[in-house]
Structure formats: structure tokens, C-alpha cells
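The structure appears right after this line, and notes come after that.
The values are calculated or read from the model by the stated rules, or taken from the named source; none is laboratory data. Computed from a predicted structure; not experimentally measured. Every residue, glycine as well, gets a Cβ built from its backbone with ideal geometry; the counts of neighbours run over all protein chains shown. Ligands, DNA and RNA are excluded from the accessible area calculation, which covers all protein heavy atoms including side chains. Shrake-Rupley method; radii C 1.70, N 1.55, O 1.52, S 1.80 Å.
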Amino acid sequence: MSASRAKKEPLYLVRNSTIHGRGLYARSFIEKDTWIVQYVGEKVDKDESDRRANALLESSKENGGAKVYMFILNDKWDIDGDVEWNDARLANHSCDPNVEAQTWEEKEIWFVALRDIEAGEELTFNYGFDLEHWEEHPCRCGTERCIGYIAAEEYWPTLKRKIAGKKAAATRKRKMASSATALTQASE
């Protein structure tokens, strides 16, 4: 699969994205179930993957940018896609994606079209983040389905409750501050 795909002209172009930084865009019409681009990089074991990801996240606290390109390959290995020749690392997150990551024989990761994709459309997938640091990952996809944060769809019900709780706490805080201000003004 990968050898024959590598020889053909890519099905995508790299250009600036309205979602974030640069992104991948369909060069021409792409039919549903088409294998579009392979996610490539260094194959690393889980311990090394965790070490690299944590080091990048730590340094991001100082420099403000966190570009962790680790992708789960299987139970034992991940792909560190932080290499310049890995165009797939530029695919942005969307709450309403048009591609998904699929593992082929636990050896390769490919982005595959979930539906027909029109020429010029940005290729996006759901990053599948858990909720551990959800507030640190706002979503900028702008789709009608956008939940506001980058998270796997399976976590959306819980995330909606967390967002509602955060909004309710902020409303209570504003009301308490408003009541305190009114009491202060009344006593003057």
C-alpha cells in the first residue's frame, strides 16, 4: 500500500490554515475511503514517547508553544512525527473531521477520507485528546459541531458538563461580586 502511494503526486497541498498555522488541503476531489497521506517519523517505544512528549510540554511552559507530534501506532510503539518531511503532522483538529487516522497492519498510520472531500477543502481529523488538560486545548475549528475544546468525541458529554459547571461558577462569582458592590453602595 505505502510503496505505490509514495510514488504518486500527493492528494493534498500544504498552505496556511484558518484553523491554526499551516494545514493540508485537498489538491482535487478525494473520494470517501481514500488513503490520503501516511503519518511518518521515528518509531519509538512508549517510555521514549512519554519522555519526549513530557519534555516538549515542559519547554512549552517557557516558550509558549507545544508541538507534540506523537501518534499511537500500537500497544508497544508510537510514531514521533516531529520531522520536517512528515506533512501529515500539519493536519489540524476539527470537531467535524473529514479524515480519520487508521493503522495499517500495526505498522503504518494513514489519514483516510471519512467522506467525499472537495478540492480546496482543509483535511482535518479529531485529535482524540482525553480530558486531563482540556482547558489548555481550545478548539478553533469553527464548525457547527465545535465543542470549544480539542477532545475525542467520546468525552463530549463529560466535557459539556465541565463547561457548563465552569460557566455556572463564573455566573455565581459575577452575581456575588455584583451583590457585594450593591451592598457597599447601599451602605454609603
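Calculated from the structure at hand, mean projected area of the Cα convex hull in nm² is found among [x] 11.0; [y] 9.5; [z] 14.4 as [z]. In the chain, the portion of solvent-accessible area held by carbon and sulfur atoms comes to 49 percent [1.4 Å probe, whole percent, DNA, RNA and ligands not counted].
What is the sum of charges, Lys and Arg at +1 and Asp and Glu at -1, for the other residues whose Cβ falls under 10 Å from the Cβ of Phe29?
-3
Any chance you could run the full-extension gain for Glu58 through Thr18? It's 0.36 nm times the residue separation minus the Cα-Cα distance, nm to one decimal. Stretched out fully, the Glu58 to Thr18 stretch lengthens by 11.7 nm. The dipole here belongs to the chain: it is taken about the Cα centre, uses +1 on the Cβ of Lys and Arg and -1 on the Cβ of Asp and Glu, and is about 940 debye. Each other residue within a Cβ distance under 15 Å of Glu84 adds +1 if Lys or Arg and -1 if Asp or Glu, for a net charge of -1. What separates the Cα centres of region 112-177 and region 44-59 is a distance of 25 Å. Helix 156-187 and the longest principal axis of the Cα set of the chain meet at an angle near 20°.
In plain terms, the chain from Asp33 to Asp45 could stretch by 1.4 nm, reckoned as 0.36 nm per residue minus the Cα-Cα distance. Rounded to the nearest whole Hz, the Karplus-based 3J(HN,Hα) values (6.51 cos²θ - 1.76 cosθ + 1.60, θ = phi - 60°) of region 110-115 follow the sequence 10, 8, 10, 5, 7, 7, with x at glycine and proline.
Against the chain, whose longest principal axis comes from its Cα atoms, helix 46-63 is set at around 50 degrees. In terms of its C-alpha gyration tensor, region 101-140 has an oblate overall shape, because the principal axis ratio a/c (a ≥ b ≥ c, square roots of the eigenvalues) is not below 1.5 and a/b does not outweigh b/c.
With 28 Å as the limit on Cα-Cα distance, the pairs of Lys67/Lys107; Lys107/Lys160; Lys67/Lys160; Lys76/Lys160; Lys61/Lys167; Lys8/Lys43 that go past it are Lys107/Lys160; Lys76/Lys160. A dipole drawn for region 59-112 from +1 and -1 charges on Cβ atoms has a positive end, and of His93, Asn74, Trp104 the residue lying farthest that way is His93. Between Glu106, Glu48, Glu58, the residue with the greatest mean-square fluctuation in the GNM of the chain (Cα pairs under 10 Å linked by springs) is Glu58. Protein heavy-atom accessible surface, 1.4 Å probe, per residue over the chain: 64 Å². Please give me the summed charge of the neighbours of Thr18: other residues whose Cβ is under 15 Å from its Cβ, Lys and Arg +1, Asp and Glu -1. Combined, the nearby Lys, Arg, Asp and Glu give 0.
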